[in-house]
1. Select from region A:100-110 the residues that are in contact (Cβ under 8 Å) with a residue 60 or more places away in the chain and surrounded by fewer than 18 Cβ atoms within 10 Å (Cβ to Cβ) and list them in ascending order.
2. Does region A:219-235 contain at least one residue that is under 21 Å from A:Arg101 (Cα atoms), under 26 Å from the mean Cα position of the chain (by Cα) and basic (Lys, Arg)?
3. Limited to region A:111-145, what total is found for residues that are at pLDDT 90 or above and open to solvent by less than 30 Å² (accessible area, probe 1.4 Å)?
4. How many of the residues in region A:32-71 are of a type in the set (A, V, I, L, M), part of a helix (DSSP H, G or I) and either within 14 Å of chain B (Cβ to nearest Cβ) or open to solvent by 100 Å² or more (accessible area, probe 1.4 Å) (or both)?
5. Just give me the residues in region B:6-27 being open to solvent by 70 Å² or more (accessible area, probe 1.4 Å) and either closer than 24 Å to B:Ala70 by Cβ or at the interface with chain A (Cβ under 7 Å from one of its Cβ atoms) (or both), in sequence order.
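The values are calculated or read from the model by the stated rules, or taken from the named source; none is laboratory data. Note that the coordinates shown come from a computational prediction; the quantities given were computed from them, not determined experimentally. Here Cβ is always computed from backbone atoms with ideal geometry, including for glycine, and neighbour counts include all displayed protein chains. Heads up: the accessible areas ignore ligands, DNA and RNA and are worked out on the full protein's heavy atoms, side chains in. Shrake-Rupley method; radii C 1.70, N 1.55, O 1.52, S 1.80 Å.
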Amino acid sequence: MMRMHVPLPKAQPWMLPVTIVCLALGMLVAFMLKVSAPKKFDPTTMTRDQLVALYADKVSAHEGLLAEYEKLREKYDRMVDSATTDQKLRAELQKAIDDLRVRAGSTAVTGPGIVAIIDDTKLAMESPADINANPLLTHDVDLLQVVNELRAAGAEAISINDQRVAGTSAIRCVGPAIKINDHPVSAPFVVRAIGKPDVLYGAINMPFGILDQLRQMSTRVEVSKREKLAIPAVAVLPSIEVGRPELTAPASSKGGE
Amino acid sequence: MWLPILALIVGFCAIYLPNKITLSAEYAQYVGVAVVAGFDSIIGAIRSVIEGKFSDRIFVSGFFINALVAALLLYLGTALKIQYVALAITAALVIRIFNNLGFIRRYVVARLFEKHLISGEKSFPEP
């Protein structure tokens, strides 16, 4: 090795050209190895052994492709499955949201139900001033009892004089008027309730029930079943300011993947 | 000494490693003839170095022009439908390679043998 360093300065002149040529030669050799030989496929000139080998090759390739097809097919099925599961889940969620919106009163509702018209008795107006008309009038408590009865009978949506009575609604006596959702309403009160008409009708006309009591006070009450009712949404839903939902996974949502 | 070998490896890798570069079979024989011509030039260059009349210009021009002309001749012969053109060109080049290789061999063997003799004489003196 020591000898190699001695002739180096002397050999320098041929170093550069040889380097260039070697570069070119390396490329040429590499080119030769990169020849993609598209051999003409001619089974008629092949020997029996070659044909057998070719057949075995093709068979194994075919098996490989079949296995791949099977795998892809399975993957496709799984994806379709999960997609339909997603769709089902989404439909379920949408249903749950719709139900909750009906309960919360954030949406208008249509459906069968009953209409009850409760009017103050004419006696109250005709009565002389010395008679205490107070027991003859319809009060907030009466309406609350009506609402309570309807809810107990499974009413899904209730409105009084087009004011939706939702979970957040208050029915209060404010001087001569009754305020529902902070909106004054007065007689005649038209109570609409969506639910099973027969059940609602039966419940609200219960003997010694609220309507029975009102009738005994000579209040005019008319109840009728309806095929189709429309109940509006709560105009302004109060925002949740201090309460925080304690989220727990509902058991039914485990149905997904 | 190592620079040309490095260049050889670099040139080889530059073409061999990228997957995109491929050569169709029809051009393979041209490359083959060019490679043989290139080898001929290199062997010739080694001989001229030994003889002490090496010229880098002649070497480089010889390498490229020989390779090019070999491929061109092959093309011409194929165009004229002459058979075994590649074989003829390769034979001519290989004969030159063997000639030059023989010269180099004789020179190298002579030097090694001479040295060996000298060292042998020194290590095995007559009893």
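1. Answer for region A:100-110, where residues must be in contact (Cβ under 8 Å) with a residue 60 or more places away in the chain and surrounded by fewer than 18 Cβ atoms within 10 Å (Cβ to Cβ): A:Arg103, A:Ala104, A:Ser106, A:Thr107, A:Ala108, A:Thr110.
2. Checked region A:219-235: no residue is under 21 Å from A:Arg101 (Cα atoms), under 26 Å from the mean Cα position of the chain (by Cα) and basic (Lys, Arg).
3. Selection size over region A:111-145: 5.
4. Residues meeting the conditions: 3.
5. The first filter runs over region B:6-27 and keeps only residues open to solvent by 70 Å² or more (accessible area, probe 1.4 Å), leaving B:6, B:9-10, B:16-17, B:19-20, B:22, B:26-27.
Hits for region B:6-27 are B:Ile9, B:Val10, B:Tyr16, B:Thr22, B:Glu26, B:Tyr27.
Residues are listed down the side, and each one gets a yes or a no for (1) within 7 Å of chain A (Cβ to nearest Cβ); (2) assigned to a helix (DSSP H, G or I); (3) of a type in the set (A, V, I, L, M):
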site	(1), (2), (3)
B:Gln29	no, yes, no
B:Ile46	no, yes, yes
B:Lys53	no, no, no
B:Ala70	no, yes, yes
B:Ala86	no, yes, yes
